[in-house]
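Next up is a structure, given as structure tokens.
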């Protein structure tokens, strides 16, 4: 079995023949094989059953040929393990019956010992790593504190975030206390994932875009940074993804010390490349997932335009958000194959000559 | 009755003692007096009954002391007048029973003669203008084509915009045809609003943030610009607001020829001030509406921080999005009063001396 280490080399900003490529939510509903597993088990059962999590984690590797696997799980497993009762109902999405909104509520939460409360997630990593047998690297992940805070205080998904944001303005002391506690639990969880076999760790601050610059800098970025700094002690590369906060890419690289910046599809690809070069870090993204609704020839053209703008040292091709459930598999393949047919030598040579003239 | 022309002077970038201030959605649910009217009539009946629209349009002028009134209406009155059947149900939001998704569907739409299909809106402007009697200026508005396109193709509000965006990628010819038609109808509607007494016109591209840079530049900005250029023929200042596309502020000023750039709360206030000065246009915004959940002393501090960063020629204070329905009235007043107590002479002097040293 050949070993594909493109992803690991890109994480280290080493030269690659072409960019590695994977897709956020690549183990997902657009795959009939995923839906077949999902028909037998609900979402949380899939997360909590290492055999099932392993099975769907491997699907995009086998079926689509992506260059990295990401463990099948959910960002809300941490608050669940801290004692909040997570449910995920069809059509309703994730919910916590008893949201956390006061200092008194904090007492209800327990800190997580990952090998106890999140053992199923770590077992799934171990099982997947064995099953992959080196074919492609395996990514672990966690939600970033602000995003977890938003779910835990709202009790469910929201468009306005009015409960979570009201707390930031009305009770910042509580907000900082909960965020600090989350950062430490997230950091420890990521370290445990590296120990269980994850070869890279991604932090998802999915709701970063719900905050303006001042609140982002006070309540989101410092806690993503705290979690990332703890994760980095595991000696595994960290990818920091804060969709909706593209304006802050430079600050995110600085604060978190991340190896790779995730870039959402709102962000100009060429501009993001400039930030990555200035900060000497890698960069991952950022095709608009809706592009995969287009005909395959349009997907190829848009993907090549993105590659021309963003390819260079430390580049990992991806979508700028999770793949949508109603995308045809052939369209996902058109994206993957376009990246895999791309020749990075031009981008690498350009970077090298820029380096030499510096 | 004193005439408050601060807003008109700011629109012309003339010196003002302090910034004019109003709030998007200021005639809204946070006011008990609004809820009292709403208890008697549903939302669309309020829009379509000039006496009721006038009554709620005046409420924030009388109750909160804002420096401009904006006519009570909805951005979706245009597709409704073009022949789509708009309903707005409690808890569900606006819906069109028969979305427009193909070239064939375009035939069903008729172009709007504003004094016929949107006469109620124009009558409300005339009635409000008389009732205001010069106390404060009156703003008219319309939805920008991309936002109307999104509602008309989805049939309702959405988080993913997957239907609307799929059309952009899969059938760009249809998309351009519908957007062009919308731009012309929006432009004519704005001209009619100026003729009916509107002293400024705001274009809302509420879903601008659902597009990445390339699609924004192809499908949203050119049609906002087309509508704005038509509106400008009425000789009344135009405010262009594209929340979620703060990165494009400079391009928006250039393409639309707008007098004032609306700025959302995601956007750094000091950076937006720089764009406005470079482009020699006005600027409106941008306090995060969630700030009004904070205690009044925090609202004052945040408002002053915003003013220190953004005040200058052509500045109009506002929120960076509509006021939220569960904000206490006293908190809205704290925001308004903080702006009204601000002295702009420092900002104006700084702008003048920057001008002279240029």
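When ranked by the protection proxy of mean other Cβ atoms within 10 Å per residue, highest first, what sequence do the peptides B:96-107, A:267-278 form?
Numbers: B:96-107: 14.3, A:267-278: 18.8.
With the highest mean Cβ count within 10 Å placed first, the list reads A:267-278, B:96-107.
I would also like to ask the following. Put a point 7 Å out from Cα along the line to Cβ at residue A:115; what are the distances to that point in the other copies, in nm, shortest first?
Distances between equivalent label points, in nm: 8.2.
Placing the label point 7 Å from Cα along the Cα-to-Cβ direction, what are the distances from residue A:180 to the equivalent spots in the other copies, shortest first, in nm to one decimal?
Values, ascending and in nm: 6.1.
Another question about this same structure. Helix A:345-356 sits at what angle to the longest principal axis of chain A, using alpha carbons and giving 0 to 90 degrees rounded to 10?
Its long axis makes an angle of about 80 degrees.
How much length, in nm to one decimal, is gained on full extension between residue B:340 and residue B:130, taken as 0.36 nm per residue of separation minus their Cα-Cα distance?
Numbers: separation 210, 0.36 × 210 = 75.60 nm, distance 2.52 nm.
Residue separation times 0.36 nm, minus the Cα-Cα distance, leaves 73.1 nm.
In addition: Determine the percent antiparallel among the DSSP beta bridges restricted to the range B:6-356, to the nearest 5.
Details: 5 of 28 bridges.
Antiparallel: roughly 20 percent of the beta bridges in the range B:6-356.
Can you give me the Cα centroid spacing of the range A:199-269 and the range A:1-79 in angstrom?
21 Å
Let's test this: bin the Cα-Cα distances of the range A:90-229 at 5 Å from zero up to the farthest pair and state each bin's percent.
2, 10, 19, 20, 19, 14, 10, 5, 2, 1, 0
Another one. Compute the convex hull volume of the Cα atoms of the range A:127-185, divide it by the residue count, and report the result per residue in Å³ as a whole number. All intermediate terms of the calculation are to be shown ahead of the outcome.
On the way: hull volume 6.6 nm³, N = 59.
Residue-normalised Cα hull volume stands at 112 Å³.
For chain A, find the longest principal axis of its Cα atoms and tell me its angle to the long axis of helix A:329-340, 0 to 90°, nearest 10.
The two axes meet at around 60 degrees.
Now for a different question. For chain B, take the longest principal axis of its alpha carbons; what is the angle in degrees between that and the long axis of helix B:172-195, to the nearest 10 within 0 to 90?
For B:172-195 against chain B, the angle is about 50 degrees.
Over the range B:6-356, what per residue volume does the convex hull of the Cα atoms give, in whole Å³? Intermediate results must be reported in sequence, preceding the final value.
Values: hull volume 41.9 nm³, N = 351.
Per residue, the Cα convex hull of the range B:6-356 comes to 119 Å³.
Is it possible to state the helix-based mean residue ellipticity at 222 nm for chain B, with each DSSP H run of 4+ residues giving -39500 (n - 2.57), the sum divided by total residues, to the nearest 500 deg cm²/dmol? What is it? Walk me through the numbers on the way to the answer.
Working: 17 runs with 175 residues, N = 358.
The per-residue figure over chain B is -14500 deg cm²/dmol.
7 Å along Cα→Cβ for the label point: how many nanometres lie between residue A:195 and each equivalent label in the other copies, listed shortest first?
Result for residue A:195, in nm, nearest copy first: 7.6.
Above 50 Å lies some portion of the pair distances; for the protein assembly as shown, what is it as a whole percent of all C-alpha pairs?
That tail contains 15 percent of the Cα-Cα pairs.
Using a Förster distance of 30 angstrom, determine the FRET efficiency expected from the C-beta separation of residue A:352 and residue A:300, and round it to 0.05. Please list the in-between numbers first.
Details: r = 27 Å, r/R0 = 0.92.
Given R0 = 30 Å and the Cβ-Cβ separation, E is 0.65.
Then there is this: Equivalent ellipsoid semi-axes for the range B:257-343, as square roots of 5 times the alpha carbon gyration tensor eigenvalues: give them largest first, rounded to whole Å.
Working: eigenvalues 105, 33, 21 Å².
Its equivalent ellipsoid spans semi-axes of 23, 13, 10 Å.
How far apart, in nm, are the 7 Å Cα→Cβ label points at residue B:42 and residue B:87?
Roughly 0.7 nm, to one decimal.
Right, something else. Across peptide B:265-278, how many C-beta atoms of other chains are within 10 Å of each residue C-beta, on average? Please report the intermediate quantities before stating the final value.
Working: counts 5, 9, 3, 5, 3, 1, 2, 0, 0, 0, 0, 0, 0, 0.
The mean count of partner-chain Cβ atoms within 10 Å per residue comes to 2.
Semi-axes of the equivalent ellipsoid of the range A:93-152: what are they in whole Å, largest first, if each equals the square root of 5 times a C-alpha gyration tensor eigenvalue? Don't jump to the answer; show the numbers that get you there.
Details: eigenvalues 194, 36, 19 Å².
Square roots of five times the eigenvalues give 31, 13, 10 Å.
Average the reciprocal distances over every distinct pair of alpha-carbons in the range A:215-281, invert the result, and give the Kirkwood radius in Å. Intermediate values should be presented prior to the final figure.
Working: mean 1/r = 0.0835 Å⁻¹.
For the range A:215-281, inverting the mean 1/r across all distinct Cα pairs yields 12.0 Å.
Given contacts defined as C-alpha pairs under 8 Å and at least six residues apart, what's the relative contact order of the range B:6-356, whole-number percent? Each step should come with its number before you reach the end.
Numbers: 683 pairs, mean separation 74.4, N = 351.
Taking the mean separation of contacting Cα pairs over the length of the range B:6-356, I get 21 percent.
Report the Cα centroid-to-centroid distance between the range B:292-330 and the range A:282-303 in angstrom, as an integer.
39 Å
Here's a follow-up. For the range A:22-71, what is the convex hull (Cα atoms) projected area averaged across all directions, in square nanometres? List each step's numbers first, then the result.
Details: hull surface 12.2 nm².
Approximately 3.1 nm², given one-decimal rounding.
Could you work out how much longer the chain between residue B:115 and residue B:270 gets when fully extended? Use 0.36 nm per residue separation minus the Cα distance between them, nm to one decimal. Show your work: numbers first, answer last.
Details: separation 155, 0.36 × 155 = 55.80 nm, distance 4.15 nm.
Gain in length upon complete extension: 51.6 nm.
Label points 7 Å out from Cα along the Cβ direction at residue B:195 and residue B:35: separation in nm?
It works out to 4.1 nm between the two label points.
Hey, another quick one. Over the range A:71-110, what portion of Cα pair distances is larger than 11 Å, expressed as a whole percent?
Details: 526 of 780 pairs.
Looking at the range A:71-110, the distances longer than 11 Å represent 67 percent of pairs.
Using the Kirkwood formula over every pair of different C-alpha atoms, what hydrodynamic radius in Å results for the range B:168-266? Numbers along the way, then the final one.
Working: mean 1/r = 0.0737 Å⁻¹.
One over the average 1/r among Cα pairs gives 13.6 Å for the range B:168-266.
Within 10 Å of each Cβ of A:287-295, how many other protein chain Cβ atoms are there on average? Don't jump to the answer; show the numbers that get you there.
Values: counts 1, 9, 3, 14, 6, 2, 8, 7, 2.
Taking the mean over all residues of the peptide, I get 6.
To continue, here is another question. With the crude spin-label approximation of a point 7 Å out along Cα→Cβ, what separation in nm comes out for residue B:159 versus residue A:173?
Using points 7 Å along Cα→Cβ, the separation is 3.4 nm.
None of the figures in this text is laboratory data; all of them are computed from the coordinates on show. The structure displayed is predicted, hence computed values, not measured ones. Every residue, glycine as well, gets a Cβ built from its backbone with ideal geometry; the counts of neighbours run over all protein chains shown.
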